[in-house]
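Here the structure comes first, spelled out in structure tokens, and everything after it is commentary.
The values are calculated or read from the model by the stated rules, or taken from the named source; none is laboratory data. Just so it is clear, the structure is predicted and the values come from calculations on it, not from any experiment. Glycine also receives a Cβ, built like all others from the backbone with ideal geometry; neighbour counts cover every protein chain displayed. Only protein heavy atoms, including side chains, enter the accessible area calculation; ligands, DNA and RNA are left aside. Shrake-Rupley method; radii C 1.70, N 1.55, O 1.52, S 1.80 Å.
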Amino acid sequence: MRKLYTFLLLVICFVPSVLAQDQPSSLQIRLWDNSLFSVILGGTESERFARTYNARTIAGGEYYLQITRKTMQGVYPVFEGQIEIPPASRVLAVLDQNGTLEISVIDDYIPPTPGFSFKSRTEQVQSNHGAPNMDAERNQKIEPLEFQELKDNMSGAMDDHQRQTIAIEGLNNHMFTTSYIVQLAKLFRNETSRLEFAKSAYTRTVDPENYFQIKMLFIKEENIQSLDDYMASKADEIVKNEPQGLF
């Protein structure tokens, strides 16, 4: 029985990783001052100068990248080099003033789970082996299958209020990666509701150093500033969480 259980775990972990290799990636590039620029990626040149560059479907691999900036003083190259695009990921690249390309990778691939209820499986395991320590479980990162179930429940909610209720219950039960929080935040239709959720989720992330990524989901500057202020106010709480094995 133990061998069968181990084999099933290996299959669950291995199959999604194989499937993820076939998934396209996306790339977004911005400059430090939000100025206009054009891009040559691989052998393809962007058609116009813009404040953001988006390649929404791109295969994983290494690409030649050249960035040309446009200002009142003229047009001149600011970056030339290689960029690595992992498969099944969203890559966010910001060019610093010193010419360094700061890259953040968000793994968005969630394996399909037809006919499988993670909740039912969890209840079955608990009935066979006893209930787990709830405090310990609360500080464990949510599993992909359970995350997909939470995401589906939020997608099917009637409004943002109900969506928030479902989300808070999930936050109370598990820790999340910033990538997961970004996916859930996108489900909120009202930016105010999205901000409330983003604040609630900040101290429930295993990688708070990447939480700046969620600010890209907001249009209003006051909401971005409000989130920044909230994150600063929770700095001590984040530091206290770090030694508890959350990473």
Rounded accessible area of residue 152 (nearest 10 Å², 1.4 Å probe): 80 Å²
Separation in nanometres of the label points that stand 7 Å from Cα toward Cβ, at residue 49 and residue 189: 3.9 nm
Filter on 141/199; 141/220; 151/220; 151/199; 151/215; 141/234 - keep pairs with C-alpha separation over 22 Å: 141/220; 151/220
Global geometry of segment 142-247, whether rounded, prolate or oblate, following the gyration tensor of its Cα atoms and the 1.5 cut on a/c: oblate
Approximate spin-label separation residue 152-residue 82, in nm, with each point projected 7 Å along Cα-to-Cβ: 4.1 nm
Full-extension gain in nm, residue 213 to residue 161, via 0.36 nm per residue minus C-alpha separation: 16.4 nm
